[in-house]
Amino acid sequence: MKSNWQQIISERKSAILERWLQSALALFPETMASGTPTGEALLDGMSMVLDNFEGNPESCGEGIHSIARIFAVQPLRPSVALSLFPLLQELLMERAPKEADTEALRARISAITFEAFDRFLENREKIYQLKVEETRSQLHMLLRSTQS
Amino acid sequence: MSKYAPRKAQLAREFLEKPTPLKGAQADREWWEMPVDFHDGNWCFPGKPDTLKAIGFPNPRKWAATDEDWQLPDGWEKIIHDGLKERLKKFRSLKLYLDSCVRCGACADKCHFFLGSGDPKNMPVIRAELLRSVYRNDFPMVKKILKGFSGSRKLTKEVIKEWHSYFYQCTECRRCSVFCPLGIDTAEITMVARELLNLIGVNNNWILAPVANCNRTGNHLGIEPHTFVQNIMSLVDDIEELTGITVNPTFNRKGAEILFITPSGDVFGDPGVYTMMGYLLLFHHIGLDYTISTYASEGGNFGLFTTNDMMKKLNAKMYHEAERLKVKWILGGECGHMWRVVHQYMSTMNGPADFLEEPVSPITGTKFTNATSTKMVHIAEFTADLIKHGKLKLDPSRNDHLRTTFHDSCNVSRGMGMLEEPRFVLNSVCNSFNEMPENTIREKTFCCGSGSGINAEEFMEMRMRGGFPRANAVRTVKKQHQVNALITICAIDRATLPPLMRYWNPGVAVYGLHELVGNALVMEGETPRTEDLRENPMAIAEEREDGDA
């Protein structure tokens, strides 16, 4: 029987979200409170992923992107930051009925993790792009002052 | 004794247990056990030897924070010790702030760097403790009284490294001080710590290079007077092309009524130049008798982030120039820390400026009594007064392509209490203004994350972390109201917020308040406006075209 993971999630969303969020906040050097801006932003992103787990890929992607964006500027290895997504698999398995299709879940979590990896790298590249842009504009200023 | 008083045993237990502000995973550690780590993105390049020599700062050398040996000068411990002793005597506030903290932790989660990084040493209480712990160890009277529970420690090279790391992860924004029940201003502790570090050559090039430039040519970028004029005149050409109006700024003109000083970022930086165009249009619109100095060509004062003496020196140049040009008073542009220096320190540092007159608006006759001592008026209150008296012809629909929100610059809001004037101006020049959440604006505003001279590109990751709380508040209004324009009245914000927005909120552009004023001003004799000062199409022009079709 094919399981509907979206339904499993929606029936248990608040408990899953709470555990998932706490695990994400614990990745910071000092455990971050859930009411902080980081907590709020992670909650939004995670909520989006859970609400669109098997549904709207665009909204799910947006949630993944916002989570990856937060961790891409933290001094964490990508493997640590992205461990959040395999962790979601564990959280879901713990709460799923016995007959749930674990293979489908594994495949979906893999796809989400790969997407998160892409977004994480995109954001790292963005940081370096911003650095280059600032260096370039400084160079431009120097040239301008020597030219006149 | 009251039956509600705590029992002796309870007090003794609390005393022995030494409650720590660290919670969660760090609860069983002391903050000083956590090592200092320098890696890409969390430290700024140190001052270059030539820069230090140019301003006579000690210990010029080539070094990096990742070096094992920082080549500190001989006797560096004594230099720091004597430096602290001297400053404790000189600044009574410092002694008060060092002595009075009870480590309640009310400030802990108010710092944008802590909120963005989760690093416990970014809690203001612990940041101050970095210096306080040495103070407690080194100063006999304090040691005698507090020995045993004060959390004191010896000054070592590791402590210096820690200071360098964390006092440059503080933007001196003072948000923590708003929430401190004792009114401790951790920003002033950071200022003194940076001053002490400068005594032994532990510094930051992004701060010292502008200081040296300003010391030499009068502005942070080191631009010579003729280039300064050339740049403003190129903006005059741009204005003419866009509006058909020729504005006529004058330079170093003796006898002008007003000396206008703004951060050099407004003359050279994008998007600051559009704000400058707004000023020029405004002054032309009201026929203001003003001049711009090519010597005091900088409103900003990076001395504030360096040493008290340097701040005093760089501030003095503005007043010397005002005296030389024989103006009546000074009008200051949109800047953050310039106003912190003027509003909080100028009067006792270089003032009162008795050779100038109490500022009076030549257009409305309003006396700016708040500037009686400094003789310097903020452009936002000057423009707000003009609008209040109906002296400006404005068409706010010219900004209809923008859905705005307003970022209170820390130094203007918390440093001088200016909260209403920019909002009044903004509401008069555009039709869509949306406030960010209440706990992120006005005196509780979140910093841009890159102020106080840490806007270095090599520090980008940390800047993105520190700026995250502000960006998150912008995200809220972007989501709720489709905001696409973040308005500021600070030149550093105009430099730091664009990359912050590009990272966290793509699609939100950063504008100066007077850029929007410049868009909205209806100038006499202008050609029909179709584009804003950035040459982006105005919504009303597009509507007009649709109507014609």
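Values in this text are rule-based calculations from the coordinates and carry no lab data. In this text, all values refer to a predicted model and were calculated from it rather than measured experimentally. Note that each Cβ is placed from the backbone with ideal geometry, even for glycine, and that neighbours are counted across all protein chains shown.
Shielding of peptide B:455-465 by partners, expressed as the average count of other chain Cβ atoms within 10 Å per residue Cβ, is 5.
Other protein chain C-beta atoms within 10 Å of residue C-beta, averaged over A:31-41: 6.
Relative to the longest principal axis of the Cα atoms of chain A, the long axis of helix A:84-95 makes an angle of roughly 10 degrees. Note on chain B: with charges restricted to the Cβ of Lys and Arg (+1) and Asp and Glu (-1), its dipole about the Cα centre is near 3160 debye. Lacking any other cysteine beta-carbon closer than 4.7 Å, the following Cys residues of chain B have no compatible partner: B:C44, B:C101, B:C104, B:C111, B:C170, B:C180, B:C214, B:C335, B:C430, B:C448, B:C490. In straight-distance terms, cross-link reach from B:K8 covers every one of the aspartates and glutamates whose alpha-carbon lies under 16 Å from its own, apart from those fewer than eight places away in the same chain; here that gives B:E17. Whole-Hz Karplus values for the stretch B:52-57 come out as 5, 4, 4, 10, x, 8 Hz, taken residue by residue from phi with 6.51 cos²θ - 1.76 cosθ + 1.60 and θ = phi - 60°; glycine and proline positions read x. About its Cα centre, the dipole of the protein assembly as shown is roughly 3320 debye, where the only charges are +1 on Lys and Arg Cβ and -1 on Asp and Glu Cβ. Within the same chain, aspartates and glutamates fewer than 8 places from B:K157 are excluded, and of the rest, those with a Cα less than 13 Å from its Cα are B:D67, B:E68, B:D69, B:D74, B:E77. Compared with the dominant principal axis of the Cα atoms in chain A, helix A:5-25 is inclined by about 50°.
What nm value, rounded to one decimal, do you get for the distance between A:Y128 and B:E531 when each label is placed 7 Å out toward the C-beta? It is 3.5 nm.
Given R₀ = 41 Å, FRET efficiency for A:E40-B:Y4 by Cβ-Cβ distance, to 0.05?
With a Förster radius of 41 Å, E is 0.60.
Distant-in-sequence amide contacts of A:S83, defined by a placed amide H-H separation under 5 Å and a gap of 5 or more residues or a different chain, comprise nothing. Annotation: peptides B:186-197, B:293-304, ranked by per-residue average of other Cβ atoms within 10 Å with the highest first, follow the order B:293-304, B:186-197. Would the protein assembly as shown count as rounded, prolate or oblate if I go by the C-alpha gyration tensor, calling it rounded below 1.5 in a/c and otherwise prolate when a/b exceeds b/c, oblate otherwise? Oblate, since a/c reaches 1.5 and b/c is not below a/b. Could you pull out which residues in the stretch B:461-481 have an amide N less than 19 Å from a spot 7 Å beyond the Cα of A:N56, following the Cα-Cβ vector? Answer for this model: B:475-481.
The loop-placed trypsin sites (Lys or Arg not before Pro) in the stretch A:51-148, going by DSSP, that have at most 15 neighbouring Cβ atoms within 10 Å of their Cβ come out as A:K98. Per-residue shielding of A:70-76, expressed as the average number of other chain Cβ atoms within 10 Å of the residue Cβ, stands at 6. Between B:E68 and A:L76, the C-beta separation translates, for a Förster distance of 25 Å, into a calculated FRET efficiency of about 0.50. Approximating the spin labels as points 7 Å out from Cα along Cα→Cβ, the A:S47-to-B:S347 distance works out to 4.7 nm. The chymotrypsin sites (Phe, Trp or Tyr not before Pro) found in the stretch B:91-134 that occupy coil by DSSP, while having at most 16 further C-beta atoms within 10 Å, are B:F91.
Legend: distances between Cα atoms for B:K90/B:K312; B:K317/B:K375; B:K254/B:K328; A:K131/B:K121; A:K131/B:K110; pairs beyond 21 Å are A:K131/B:K121; A:K131/B:K110.
The charge dipole of the stretch B:414-481, taken about its Cα centre with unit charges on the Cβ of Lys, Arg, Asp and Glu (plus for the first two, minus for the last two), comes to roughly 220 debye. In this structure, the amide hydrogen of B:F251, modeled 1.01 Å from its nitrogen in the peptide plane, lies closer than 5 angstrom to those of B:I292, counting only residues at least 5 positions away or on a different chain. Cross-link candidates for B:K388: which aspartates and glutamates have Cα within less than 17 Å, leaving aside residues fewer than 8 places away along the same chain? Of all the aspartates and glutamates, those that pass the test against B:K388 - Cα under 17 Å, at least 8 places apart if same chain - are B:E420, B:E421. Build a GNM of chain A with springs between Cα atoms under 10 Å apart, and of A:A24, A:A41, A:A72 the one that fluctuates most is A:A41. Among A:S59, A:S34, A:S14, the largest mean-square fluctuation in a Gaussian network model of chain A, built with springs joining Cα atoms closer than 10 Å, belongs to A:S14.
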